[in-house]
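A short reminder: the numbers here are calculations on the coordinates, not readings from a lab. Since we're looking at a predicted model, the values are computed, not measured. Cβ coordinates were reconstructed from backbone atoms using ideal geometry, including for glycine residues, and neighbour counts include every protein chain displayed.
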């Protein structure tokens, strides 16, 4: 009996943490938390559920360390991948995987997500959970297309590789069978009950928002209309399953809509989309180069400011807030190790933080950001990730250490702390 009472006490304690606070909502161009406008500096932490698992790749001691480190900076918002699908044989995809075949799941990874959310609740942190990926580094669209007869996704690397991948991935926007498999997955995830808190995901205020995918794209101008329809079908499904939480697309913004502002606007106008997202990648978008990371910053600022303004106007039309949920900049001299300096990155981060701070001061619609991404105490073991290596925030197909913020990057973590403090005033 004593053991039973002790167990019940532990369960109830976890539940108390899970219900602390209310759901984050939207009022006009503001996110609202506990009755007040919510402005934030958050982090991308896609691998959190893997660390939380008891299986392959799991490391709960490290997970607790990373959450404590982030919280000590004032970071209370994490953007997280629910789980990976089985990837293409042509891609360096992440492992372990949550979904190995349609409807076949690794319970250890669902358990890892449960554990992560329970630990976040204890720290009054919230999660933005994206359900899949348009890119193949976590299986993503390619998994659902392969399972419906399209074959393995081609490698995006090498001459012509990116175009070949885009032509392949574009099918997700119109293939009803592939979409149905994805919808079946959504119907499995969202109604789940957390094993550690006993609370349904749909009733857990630790979840700020569901997100369809990491960077959904049409991948072709011919698929723009189909993409808008696919996204709208998905948001409608999510809202039918969960009426308590926010929904967003996970989009890069205009860039993720074949640079067509009209397509972007139509996707954001969906009544089931609660807030707009954008991503900003100066190096990937050729605003700078490895040999001009510092010298190109003035031009980077101009381009970023223009991109933010163009997307912000769309959010204004939709009367919705906007979050810069991905942004990154390389380490100095395009090096990857924790010993490399980060002065150019710090300047770019500060620029982004100032956009949020100024928006708050001027009643703008930019309400938050999530830097990409938190590497914490992880360290690279060669430029290309392989199973058994530390997880950083750099996906397995990209150079490890490229965009990750290590726990030793104190100039960066100090900037994050200062930005959080400024937003709390």
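Below are the figures for this structure:
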read-out: Within the range 288-303, backbone nitrogen closer than 20 Å to the virtual label 7 Å beyond the Cα of residue 422 toward Cβ; value: 297-303
read-out: Relative contact order %, the chain, counting alpha carbon pairs below 8 Å whose residues are six or more apart; value: 17 percent
read-out: Sequence of 69, 337, 248 once ranked by neighbouring C-beta atoms within 10 Å, starting from the fewest; value: 337, 69, 248
read-out: DSSP-defined beta bridges in the range 38-424 - what % are antiparallel, rounded to 5; value: 10 percent
read-out: Cα-Cα pairs of the range 330-416 separated by more than 17 Å (percent); value: 49 percent
read-out: Which of 261, 326, 61 has the fewest Cβ neighbours within 10 Å, and the rest in rising order; value: 61, 261, 326
read-out: Stokes-Einstein D in µm²/s, Kirkwood radius over Cα pairs - the chain at 20 °C with 1.002 mPa s viscosity; value: 99 µm²/s
read-out: Taking only Cα atoms of the range 28-167, radius of gyration then Dmax in Å; value: 17.3, 52
read-out: Label point distance in nm, residue 294-residue 124, each placed 7 Å from Cα along Cα→Cβ; value: 4.0 nm
read-out: Tail weight of P(r) past 17 Å, computed on alpha-carbon pairs of the range 227-305, percent; value: 54 percent
read-out: Max mean-square fluctuation residue, GNM over the chain, Cα-Cα springs under 10 Å, options 67, 392, 335; value: 335
read-out: Order of 113, 293, 423 - criterion: other Cβ atoms within 10 Å of each residue's Cβ, fewest first; value: 423, 293, 113
